[in-house]
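To keep things clear, I will list the structure first and then write my remarks on it.
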Amino acid sequence: MIIKIYKTKNLNLDTVEKMLILADKQANFNPESYWILSSFDGEELDYSDNEEDFTRSFKELSVKWIGREAVINWLVSNQILFEVTSQDFLPEEREALGGVFEETKSDFKPNLLN
């Protein structure tokens, strides 16, 4: 899952990331169970009227599937602006799972009841 977090009120993006990583470490003692796999900074165009420059910064987090609910709950409960850009498995997770969740084509046709 890929999530973009945006600057909220007076909180710096690095501060929000550190707080989320601390919550992750507190909930998961084993580093293999951590929710956040990686993060990077970025900027995107923002066309809101109240901004002089047309860019806004964000931090993109790669969240493991096991941590999706916990990360979303943490962001919502702390009122942090965020956007889920992808709900797919991360490439590392797909590789670890192998071909288990590969999409298969079937010849089944849906039965409509109405």
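Residues in the stretch 1-27 that are closer than 22 Å to E92 by Cα and outside any helix (DSSP H, G or I): M1, I2, I3, K4, I5. Look at the stretch 77-96: where a residue is closer than 17 Å to E60 by Cα and surrounded by 10 or more Cβ atoms within 10 Å (Cβ to Cβ) and a partner is of a type in the set (S, T, N, Q) and at pLDDT 80 or above, sitting 6+ places away or on another chain with Cβ atoms under 6 Å, you get I80/T8; L81/T8; L90/S62.
Within the set S38, S57, the sole residue that is surrounded by 11 or more Cβ atoms within 10 Å (Cβ to Cβ), at pLDDT 85 or above and of a type in the set (S, T, Y) turns out to be S57. Being among the small types (G, A, S) and modelled with pLDDT of 85 or more is the filter; apply it to the stretch 21-35 and report the residue that is nearest to S57 (Cα to Cα). Result: A23. Evaluate the stretch 65-72: report whether one residue or more is within 21 Å of T8 (Cα to Cα), in a loop (DSSP other than H, G, I, E, B) and at pLDDT 75 or above. There is no residue in the stretch 65-72 that is within 21 Å of T8 (Cα to Cα), in a loop (DSSP other than H, G, I, E, B) and at pLDDT 75 or above. Within the stretch 14-25, residues that are of a type in the set (G, A, S) have Cβ atoms under 7 Å from residues that are assigned to a helix (DSSP H, G or I) in these pairs: A23/W74, counting only partners at least 6 apart in sequence or on another chain. Summed over the stretch 41-54, residues that are of a type in the set (D, E) and modelled with pLDDT of 80 or more total 3.
The values are calculated or read from the model by the stated rules, or taken from the named source; none is laboratory data. Bear in mind the structure is a predicted one, so any value in this text is a computation, not a measurement. With ideal geometry, Cβ positions are generated from the backbone for all residues, glycine too; neighbour counts draw on all protein chains shown.
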